[in-house]
1. Just wondering, is there one or more residues in region 85-93 that are in a helix (DSSP H, G or I) and at pLDDT 95 or above?
2. Looking at R45 and the list (1) in a loop (DSSP other than H, G, I, E, B); (2) open to solvent by less than 80 Å² (accessible area, probe 1.4 Å); (3) closer than 20 Å to D95 by Cα, which single condition is not satisfied?
3. Could you tell me which residue of region 94-123 is surrounded by the fewest Cβ atoms within 10 Å (Cβ to Cβ), considering only residues that are polar (S, T, N, Q) and modelled with pLDDT under 75?
4. Among the candidates Q26, Q11, Q65, Q5, single out the residue that is at pLDDT 90 or above and over 28 Å from K114 (Cβ atoms).
5. Are there any pairs with C-beta distances below 7 angstrom linking a residue in region 49-71 that is surrounded by 10 or more Cβ atoms within 10 Å (Cβ to Cβ) to a residue that is assigned to a loop (DSSP other than H, G, I, E, B), with the two at least 6 apart or on different chains, and if so which?
6. Among residues belonging to region 5-26 that are in a helix (DSSP H, G or I) and of a type in the set (K, R), point out the one that is farthest from the chain's Cα centre (by Cα).
Amino acid sequence: MGKAQRTKGHQFERDIVNLLKDRGYQAARNLTQTRDSGGDISLPRWLIECKRYAAIGKVYQWLDQAIASASGIQKPIVVAKADRKDEIVIMRLSDFMEIMDVVESQANPHTVYKGLEKAPTTV
């Protein structure tokens, strides 16, 4: 991987950490992951591996189809599976952050997550 690609990937990791911090999470990049392994960002209940590539196949076409079909209150989600691989869920980060905020607010009721504008509901 070239220097430009590494720089782009590191900036993407910083952007995600800043998004999490802005919402009330104590997040930091794992700067020793190359040596010690582990994900890019680790939280008590979440391990985040950040990937930024110029092209990632038809993922956005699938998600655009789900977005176009979803009603105003529905969250568009794509479930995909490759042969001999586990199923994965693809969704917009903003939709996932809403779910994450609810889960974390129930686990840590004294912490306020900025994404929750009303009382949390169960997931």
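The values are calculated or read from the model by the stated rules, or taken from the named source; none is laboratory data. On a predicted model such as this, the values are computed, not experimentally measured, just so you know. With ideal geometry, Cβ positions are generated from the backbone for all residues, glycine too; neighbour counts draw on all protein chains shown. Keep in mind that these areas ignore ligands, DNA and RNA; they rest on the heavy atoms of the full protein, side chains included. Shrake-Rupley method; radii C 1.70, N 1.55, O 1.52, S 1.80 Å.
1. Within region 85-93, the subset in a helix (DSSP H, G or I) is 93.
Narrowing further to those that are at pLDDT 95 or above: 93.
The answer is yes, given that some residue of region 85-93 is in a helix (DSSP H, G or I) and at pLDDT 95 or above.
2. Just one mismatch for R45, condition (2).
3. First, the residues of region 94-123 that are polar (S, T, N, Q): 94, 105-106, 108, 111, 121-122.
Filter once more, so that each one left must be modelled with pLDDT under 75: 121-122.
On the way: T121: 9, T122: 6.
Per the stated criteria, the residue is T122.
4. Working: Q26 fails: over 28 Å from K114 (Cβ atoms); Q11 fails: over 28 Å from K114 (Cβ atoms); Q5 fails: at pLDDT 90 or above.
Just a single option satisfies the conditions, and that option is Q65.
5. That search, which allows pairs on different chains as well, returns E49/G39; E49/D40; C50/D40; L63/P76; A66/P76; I67/P76; A70/P76.
6. Residues of region 5-26 in a helix (DSSP H, G or I): 5-22.
Pick out the ones that are also of a type in the set (K, R) and you get 6, 8, 14, 21.
Working: R6: 19, K8: 17, R14: 13, K21: 13 Å.
Ranking the qualifying residues of region 5-26, first place goes to R6.
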